[in-house]
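Let me begin by presenting the structure, written as structure tokens, before commenting on it.
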Amino acid sequence: MAAKVKKGDRVIVLAGRDRGKSGEVLSVDPKRGRATVSGVNTVQRHTRQSAKSEGGIIPKAGPIDLSNLAHEDPKDGKPTRVGFRFEGGKKVRFAKRSGELIDG
């Protein structure tokens, strides 16, 4: 199945405590149906001091369900759905709201 959300995409959160926030996708776990987005769903991790790091309470982005995310339209920045089409013999993703290409 084709991936609608990939690493590096700009997305907007549709539901949950961070509704309305936007950010860049840091990682995607397609098996669990979750993605990690920068600045969204931040959780605090308590870490022990080591030779490499200082320890303390560190904010970290937690995973969020893919169903709560929508692509940011490249034209106006509003949430949009993703479609697929072939251009020049290559399959590309496009924003259904404006028709703009998301990649490629």
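The values are calculated or read from the model by the stated rules, or taken from the named source; none is laboratory data. As the structure is a computational prediction, the values presented were derived from the model and not from experiment. No Cβ is skipped: glycine too gets one built from the backbone with ideal geometry, and neighbour counts run over all protein chains shown. Heavy atoms of the whole protein, side chains included, go into the accessibility calculation; ligands, DNA and RNA do not. Shrake-Rupley method; radii C 1.70, N 1.55, O 1.52, S 1.80 Å.
Among the residues making up segment 19-56, those that are closer than 21 Å to K78 by Cα, assigned to a strand (DSSP E or B) and open to solvent by less than 50 Å² (accessible area, probe 1.4 Å) are G23, V25, A35, T36, V37.
Scanning segment 7-18 for residues that are closer than 13 Å to R81 by Cα and either open to solvent by 100 Å² or more (accessible area, probe 1.4 Å) or touching a Cys at 6+ places or on another chain (Cβ under 7 Å) (or both) gives a single hit, R10. Considered as a group, the residues in segment 57-70 that are farther than 15 Å from G16 by Cα and touching a Lys or Arg at 6+ places or on another chain (Cβ under 7 Å) include one that is most open to solvent (accessible area, probe 1.4 Å), and that residue is K60. Looking at K91, K75, just one residue is within 17 Å of I12 (Cα to Cα), more than 12 Å from the chain's Cα centre (by Cα) and open to solvent by 50 Å² or more (accessible area, probe 1.4 Å), and that residue is K75.
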